[in-house]
Amino acid sequence: MMKRALWQGLLVGTAGVLAMTLGEKAEQRLTGRPDSHVPARTLERLGPWSSAKFAVVRLTTDQILENATGVGAPPQTWPRRELVIDLLHKSVYAFATGAVADALAARSGPGPGQRHAALRPGRHSDVGPLPRGR
């Protein structure tokens with residue numbers, strides 16, 4: 001049963017990523033918008049903080065869905081051991097995801113936003129995003 005759930009989860013996740021990617025690529029073709037490296041760069045800058053925040057989002061999403069569907073129970077009603085184990089697993093998931101995202105982002109060097117920002121370091125209210133088509 002666990003093996004089946006794993007394969008189904010992988011298949012569903014892959015289908016979602018494929019649908020989103022195909023939709024984005026079609027939109028980029030129509031609009032001429034270049035690839036965005038902003039999410040990866042954001043995670044790269046934030047590192048462990050983003051992973052910790054992602055763990056909280058992951059836990060919150062689980063609890064909202066589990067309690068809304070009546071499948072789960074509020075965490076304060078769980079035995080402490082189960083709560084600790086759940087927190088541990090979700091944290092490992094979040095930090096592993098963050099580590100892979102950081103490694104992938106680091107491989108491709110600075111993106112267009114970072115190169116643009118390097119032209120004039122610091123915060124400036126008169127500097128906006130790159131114009132389209134660059």
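The values are calculated or read from the model by the stated rules, or taken from the named source; none is laboratory data. Keep in mind it's a predicted model, so treat the numbers as computed, not measured. All Cβ positions, even for glycine, are placed from backbone atoms using ideal geometry, and neighbour counts span all protein chains on display. Protein only, heavy atoms only, side chains kept; ligands, DNA and RNA dropped before computing areas. Shrake-Rupley method; radii C 1.70, N 1.55, O 1.52, S 1.80 Å.
Looking at the stretch 53-81 only, could you name the residues that are in contact (Cβ under 8 Å) with a residue 24 or more places away in the chain and either in contact with a Cys (Cβ under 9 Å, 6 or more places away or on another chain) or within 27 Å of PRO112 (Cα to Cα) (or both)?
Within the stretch 53-81, PHE54 is the sole residue that qualifies.
Please work out if GLY47 is out of contact with any strand residue (DSSP E or B) (no Cβ under 6 Å at 6 or more places or on another chain), over 19 Å from LEU83 (Cα atoms) and surrounded by fewer than 11 Cβ atoms within 10 Å (Cβ to Cβ).
No, not satisfied.
Filtering the stretch 76-95 to residues that are of a type outside the set (Val, Ile, Thr) and open to solvent by 50 Å² or more (accessible area, probe 1.4 Å) leaves GLN76, PRO79, ARG80, ARG81, GLU82, LEU87, LEU88, HIS89, TYR93, PHE95.
Cβ-Cβ distances below 6 Å connect the following pairs, each with a first residue in the stretch 90-104 that is more than 12 Å from ARG41 (Cα to Cα), a second residue that is open to solvent by 40 Å² or more (accessible area, probe 1.4 Å), and a separation of six or more residues or different chains: LYS90/ARG58; ALA94/PHE54; ALA94/ARG58.
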